[in-house]
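This report concerns only the one structure given below.
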Amino acid sequence: MHKATTVVALLSANRLKLANMMMSQNAFVQLAAQFFDELKRNSTRLPLVEKLDLPVKVIWGEHDPYLGVAMGRERAAHFKKSSFHVLPAGHWLQCDMPKQLADLMLS
């Protein structure tokens, strides 16, 4: 009887883990599905960016798996007074290299 209870508990725990994993995957799929629409929508704002007359520091992750360095350079080129900096990080620079990012932002 004790073994049966343990098996049921393990099965329930595994079902919960599977359900959580599936919900996480669904959220990622939904986010990914919206990505190109958001990129297109944000791209329509580039003419507004080009009118800005103030210094802008663009900091990009060298190993960003979603938006490569070429995209960062292209976006930075839309600003009149931009500087472009690359850190050896991924997409989430603030998580990958928080101190280096903060130092570069404040420099």
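A few comments on the model shown:
- Filter result (among the β-branched types (Val, Ile, Thr) and more than 18 Å from the chain's Cα centre (by Cα)) within segment 39-72: THR44, VAL49, VAL56
- For segment 78-92, the set of residues classified as touching a Phe, Trp or Tyr at 6+ places or on another chain (Cβ under 8 Å) and closer than 24 Å to ARG45 by Cβ consists of PHE84, HIS85, VAL86, HIS91, listed by residue number.
- If the condition is being at pLDDT 90 or above and of a type in the set (Lys, Arg), then segment 41-71 contributes LYS51, LYS57.
- The number of residues in segment 81-107 that are in contact with a Pro (Cβ under 9 Å, 6 or more places away or on another chain), part of a loop (DSSP other than H, G, I, E, B) and touching a residue at least 12 places away in the same chain (Cβ under 8 Å) comes to 2.
The values are calculated or read from the model by the stated rules, or taken from the named source; none is laboratory data. For clarity, every value in this text was computed on a predicted model and none was experimentally measured. Reconstructed Cβ throughout: ideal geometry from the backbone, glycine too, with neighbour counts over all protein chains shown.
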